[in-house]
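The values are calculated or read from the model by the stated rules, or taken from the named source; none is laboratory data. Note that the structure is a prediction, hence the values are computed from the model and not measured. Virtual Cβ from ideal backbone geometry, glycine too; neighbours counted across all protein chains shown. Accessible surface is based on the protein model in full, side chains and every heavy atom, while ligands, DNA and RNA are left aside. Shrake-Rupley method; radii C 1.70, N 1.55, O 1.52, S 1.80 Å.
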Amino acid sequence: MRLLSYNIHKGIGGRDRLYRLERILHVIEHENPDFMLLQEVTCDFRRCRCDDQPKQLAEYFSAGSLLYQSNVKLRTGGYGNLLLSRWPVESKHQISLRLQNRKPRGAQIAVINTPEGPVKLVNMHLGLAEKERHWQINHLLAHHAFKEVQGLPELL
C-alpha cells in the first residue's frame, strides 16, 4: 500500500506562483498512492477559480472514499484537509487543532477497510510554531477519537 501526504498549497505553486491544479494532479498521479492525505485543499476559494478541489481530486483519482475537513473559512470559500482512499471508510472523526488565537488547524482520523485489513489513518495540518505543534500533537493523542480504535496499524 502506498500513502502520500502532501500540502498542495491550494494548487498555487511553482516558480510562477500561479494556480494550476493540473500540476498537483500530475505529481500525485506519478506516485500512484492508495491513500492521499492532503492539506490546504480549497473549496469555493476565489483565487482558485472557486473550484471544488475535493470533488475534482476525488473524481480525477476515482477515489472510493472522500473525507473533507474545512479548517480555514474565508469571506468566500476556505481550505482544509482532504483524505482520499481507494477503499471504504469504516469510521471517521474530525478534530480541531486550533490553539487559542492561532490559525485554525485540524486532524482527520479514519479507519479504512483495505484488502490487508483495517488501517487507521490520521491526516493533520500542524501549525508553524514549536509550542503550537507540541500542544496539537498532545491534544490529538489524548483525544477520545484517537484512542477509540486501538490495536490497528496506524499511519500519521
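Looking only at the range 12-24, which residues are outside any strand (DSSP E or B), farther than 17 Å from LEU83 by Cβ and open to solvent by less than 40 Å² (accessible area, probe 1.4 Å)?
Keep residues of the range 12-24 that are outside any strand (DSSP E or B), which gives 14-17, 20-24.
Going one step further and asking which of them are farther than 17 Å from LEU83 by Cβ, we end up with 14-17, 20-23.
Passing the criteria: only LEU21.
Checking the condition modelled with pLDDT under 95, over 25 Å from ALA129 (Cβ atoms), of a type in the set (Gly, Ala, Ser) and touching a Pro at 6+ places or on another chain (Cβ under 9 Å), which residue from GLY77, GLY64 passes? Before the answer, list the steps.
Numbers: GLY77 fails: touching a Pro at 6+ places or on another chain (Cβ under 9 Å).
So the residue among GLY77, GLY64 that is modelled with pLDDT under 95, over 25 Å from ALA129 (Cβ atoms), of a type in the set (Gly, Ala, Ser) and touching a Pro at 6+ places or on another chain (Cβ under 9 Å) is GLY64.
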All positions within the range 125-139 that are within 14 Å of the chain's Cα centre (by Cα) and either crowded, with 22+ Cβ neighbours inside 10 Å or touching a residue at least 60 places away in the same chain (Cβ under 8 Å) (or both): HIS125
Matching residues, the range 60-111, being open to solvent by 80 Å² or more (accessible area, probe 1.4 Å) and not in a strand (DSSP E or B): TYR60, SER62, ARG75, ARG86, ARG98, GLN100, ASN101, ARG102, LYS103
Residues of the range 27-46 satisfying the condition of being loosely packed, with under 15 Cβ neighbours inside 10 Å and either of a type in the set (Phe, Trp, Tyr) or more than 30 Å from VAL111 (Cβ to Cβ) (or both): ARG46
Single unsatisfied condition, ASP52 versus (1) charged (D, E, K, R); (2) closer than 24 Å to ALA145 by Cβ; (3) open to solvent by less than 70 Å² (accessible area, probe 1.4 Å): (2)
Cβ pairs under 6 Å, 6+ apart, first in the range 60-88 and within 17 Å of LYS120 (Cβ to Cβ) and of a type in the set (Phe, Trp, Tyr), second at pLDDT below 95 and open to solvent by 40 Å² or more (accessible area, probe 1.4 Å): TRP87/GLY64
Residue match in the range 133-140 (condition: at pLDDT 95 or above, in a helix (DSSP H, G or I) and β-branched (Val, Ile, Thr)): yes
Residue in the range 7-22 that is without any contact (Cβ under 8 Å) to a residue 24 or more places away in the chain and among the small types (Gly, Ala, Ser) present: yes
Given (1) more than 14 Å from the chain's Cα centre (by Cα); (2) surrounded by 16 or more Cβ atoms within 10 Å (Cβ to Cβ), number of the condition GLU116 does not satisfy: (2)
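Restricting attention to the range 55-78, does a residue exist that is over 21 Å from LEU3 (Cα atoms), of a type in the set (D, E, K, R) and within 17 Å of the chain's Cα centre (by Cα)? Even if it seems obvious, please write down each step before you answer.
Residues of the range 55-78 over 21 Å from LEU3 (Cα atoms): 70-78.
Narrowing the set further to residues that are of a type in the set (D, E, K, R) leaves 73, 75.
From the residues that got through so far, the ones that are within 17 Å of the chain's Cα centre (by Cα) too are 73.
Yes.
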